[in-house]
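In what follows, a structure is listed as structure tokens, so that the remarks can point back to it.
The values are calculated or read from the model by the stated rules, or taken from the named source; none is laboratory data. This is a predicted model, so every value here is computed, not measured. In this analysis, Cβ positions are derived from the backbone assuming ideal geometry, glycine residues included, and neighbour counts consider all displayed protein chains. Quick note on the areas: whole protein, heavy atoms, side chains included, nothing else; ligands and nucleic acids left out. Shrake-Rupley method; radii C 1.70, N 1.55, O 1.52, S 1.80 Å.
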Amino acid sequence: MAVLGILTSPDEILGKVSKPVEAFDERLHRLLDDMRETLIKAGGAGLAAVQVGYLMRVCVIWMGGKEYTEMINPEFKGIGNQRKGNEGCLSVPGVTVRMMRHREGVVSFQDRYGNWTELQLTNLQAVCVQHEIDHMQGVLIA
Ligand code: CO
């Protein structure tokens, strides 16, 4: 495993749209392993593949403790209203922005082998998935 370099704004790759993953192969697994290492090293709540230069709909989310969830091709459906909260980004260092986000929702995604699964998320993890899906659309908090 390797710690990857995290791209920072205004790197133009961060503004590009990521593509759905179709090959659940060794290359994807290596990327996921490296992204997890990179996220742990950075101490962040989540990391999208575009942040390490791969335009793939892939992210890793910190679930608390030593637990991380890999999500491939994630789709998020919010529950209830959106609320404002402070948010930061490893690609926009030193900046905190008030963002409107759902505090609860359901995310559908594929695991590293291509199996679809669904998770109900709240609070930090719910906000984080919405943030990472924004990255996949080329959208930054600032
Ligand atoms: Co970010």
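Some observations on this one:
- Checklist (1) open to solvent by 40 Å² or more (accessible area, probe 1.4 Å); (2) more than 16 Å from the ligand (Cβ to nearest atom); (3) at pLDDT 95 or above applied to Glu70, failing item: (1)
- Only one of the numbered conditions (1) in contact with a strand residue (DSSP E or B) (Cβ under 7 Å, 6 or more places away or on another chain); (2) open to solvent by 60 Å² or more (accessible area, probe 1.4 Å); (3) of a type outside the set (Ser, Thr, Tyr) is not met by Met35, and that is (2).
- Set side by side, the residues Gly43, Gly88 differ, and just one is within 14 Å of the ligand (Cβ to nearest atom) and over 20 Å from Gly138 (Cα atoms), which is Gly43.
- Only one of the numbered conditions (1) within 13 Å of the ligand (Cβ to nearest atom); (2) under 25 Å from Gln120 (Cβ atoms); (3) hydrophobic (A, V, I, L, M, F, W, C); (4) surrounded by fewer than 18 Cβ atoms within 10 Å (Cβ to Cβ) is violated by Met63, and that is (1).
- Cross-chain or 6+ apart pairs with Cβ under 9 Å, region 86-103 first and more than 20 Å from Cys59 (Cα to Cα), then near the ligand (Cβ under 8 Å from one of its atoms) and hydrophobic (A, V, I, L, M, F, W, C): Val95/Cys89; Val95/Ile141; Thr96/Ile141; Val97/Cys89; Val97/Ile141
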